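Nothing in this text is a laboratory measurement; each read-out follows from the coordinates by a stated rule. Keep in mind that this is a model prediction, so the values were computed, not measured. Please note: Cβ atoms are built from the backbone with ideal geometry, for glycine as well, and neighbour counts cover all protein chains shown.
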Amino acid sequence: MHIIAVMSGKGGVGKSFVATGLAAALQRRTGRTAVLDADITGASVPHMLGVPKSGRVDAEGRLLPGMSPDGIRVSSMSLMLPADEETLIWRGPLISKAIDELFTLTDWGDAEYLVVDMPPGTSDAALTVLDKLKPEGVVIVTTPQDMVTKIAHRSHHMVREMGGNVIGLVMNMAFVRCPKCGEQIDTFGSVRSDADAELPVLATLPLVMEWAALADSGQAAKIATDEFDALAEAVLAGLKVAGTASAS
Ligand SMILES: Nc1ncnc2c1ncn2[C@@H]1O[C@H](COP(=O)(O)OP(=O)(O)OP(=O)(O)O)[C@@H](O)[C@H]1O
Ligand SMILES: [Mg+2]
């Protein structure tokens, strides 16, 4: 199983949005994709992919993941906990333990690709994912603002220090298009800054109101399919460059 982690430096830049869009593209391509929602305290993957609350534990203690309408297996703490326990306050070490258990105990079936929605930033929980899951490739999501890309680069350095492979950046919410005249307005001014020069930009995505509504109503798999198909292509090429992907 090829593990691809989606990371960010800062919250709210669209990490889960990109993780679910990438997973949907890999699912269109292979039909054998799974997502691990490792953002234990900010679990949003089941909501975005329209996965009903369906996580179960079988007689052998294996976690049976939920399933999105297009067949993506999703393992998330929010599918395992009763609704009234979802707001539990988690202490750091418990978060790391929960991630480890979700990964090792989930029945991933015949999944070929596992996309991981990472815990925020360079937290201990993020370290746990890098250390225990050893993703083959990492995608870093950022918005094209100097401060945010600088923070994203902390994630880059953390992954590098741990011997990981950062495939590149996704610039999210980079521009909006005027609904009247079609003019492109750069949301944060210039799209590139010095700080992101050392990593390739794999995709530059606009901020689209309809996309936010689709993600919010469990239809993230329908968003920007061309853009996410191209991103999936670039990510798979990045795995191959790292020399760790199999020929399949
Ligand atoms: N390009 C986009 N166009 C429109 N809406 C977007 C776009 N990217 C993200 N969003 C929306 O913005 C919100 C924040 O995105 P998301 O939840 O993916 O961020 P995140 O980095 O995972 O945040 P957190 O740190 O809270 O986990 C979501 O409601 C999402 O649907
Ligand atoms: Mg998120």
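Based on the mean of other Cβ atoms within 10 Å per residue, sort peptides 95-101, 213-219 so the most packed one is first. Before the final figure, lay out each step's value.
Numbers: 95-101: 18.7, 213-219: 15.4.
Ranked by mean Cβ neighbours within 10 Å, highest first: 95-101, 213-219.
Under the Karplus relation 6.51 cos²θ - 1.76 cosθ + 1.60, θ = phi - 60°, what is the ordered set of whole-Hz ³J(HN,Hα) values for the range 213-224, x standing for Gly and Pro?
Rounded to whole hertz, the list is 5, 5, 4, 6, 10, x, 10, 4, 5, 8, 7, 6.
Using amide H atoms built in the peptide plane, which far-off residues or other-chain residues are under 5 Å from VAL35 H to H?
Those qualifying (amide H under 5 Å, at least 5 residues apart or on another chain) are ARG73, VAL74, SER75, VAL115.
Which three extents, in angstrom, do the Cα atoms of the range 80-179 have along their principal axes, listed largest first?
The principal-axis extents, from largest down, are 43, 37, 31 Å.
Counting other Cβ atoms within 10 Å, which trypsin sites (Lys or Arg not before Pro) in the range 6-56 have at most 16 and lie in a DSSP loop?
Taking the range 6-56 and a limit of 16 other Cβ atoms within 10 Å, the loop trypsin sites (Lys or Arg not before Pro) found are LYS53.
Helix-only estimate, please: 222 nm mean residue ellipticity of the chain, summing -39500 (n - 2.57) across DSSP H runs of length 4 or more and dividing by its residues, to the nearest 500.
Numbers: 8 runs with 85 residues, N = 248.
It lands at -10500 deg cm²/dmol.
Would you mind computing Rg(Cα) / (2.2 N^0.38 Å) for the range 113-225, counting N as its residues?
Against the compact-globule rule of thumb, the ratio is 1.17.
Rule-of-thumb check for the chain: C-alpha Rg over 2.2 N^0.38 Å?
Taking N as the residue count of the chain, the ratio is 0.96.
What does the highest-first list of 63-70, 44-51, 129-136, 173-180 look like by mean Cβ count within 10 Å?
In decreasing order of mean packing, 63-70, 44-51, 129-136, 173-180 become 44-51, 63-70, 129-136, 173-180.
With charges set only on the Cβ (+1 for Lys and Arg, -1 for Asp and Glu), what does the dipole of the chain come to about its Cα centre, in debye to the nearest 20?
The dipole of the chain has a size of about 140 debye.
Which listed residue (VAL176, MET118, HIS157) has the Cα farthest towards the positive end of the charge dipole for the range 2-239, taking +1 on Lys and Arg C-beta and -1 on Asp and Glu C-beta about the Cα centre?
Positive-end residue among those listed: VAL176.
Using a 7 Å offset from Cα along Cα-Cβ at LEU88, what residues in the range 98-116 end up with backbone N under 14 Å from the label point?
98-102
Any lysines with Cα under 20 Å of the LYS222 Cα? List them, leaving off those in the same chain fewer than 8 positions away.
Of all the lysines, those that pass the test against LYS222 - Cα under 20 Å, at least 8 places apart if same chain - are LYS15.
Principal axes first, then extents: for the Cα atoms of the range 27-144, list largest minus smallest coordinate on each axis, whole Å, largest first.
34, 31, 27 Å, listed from the longest principal axis down.
Taking amide H atoms as placed 1.01 Å from N in the peptide plane, list the residues 5 or more away in sequence, or in a different chain, whose amide H sits under 5 Å from that of THR143.
Residues meeting the criterion, in which the H sits 1.01 Å from N, are ASN172.
Please name which of LEU22, MET77, ALA34 has its Cα lying farthest along the dipole of the range 1-93 towards the positive end, using unit charges on Cβ (Lys, Arg +1; Asp, Glu -1) and the Cα centre as origin.
Result: LEU22.
With respect to the cross-link table entries LYS10/LYS240; LYS53/LYS180; LYS180/LYS240; LYS53/LYS150, which display a Cα-Cα separation exceeding 31 Å?
Distance filter (> 31 Å) returns LYS53/LYS180; LYS180/LYS240; LYS53/LYS150.
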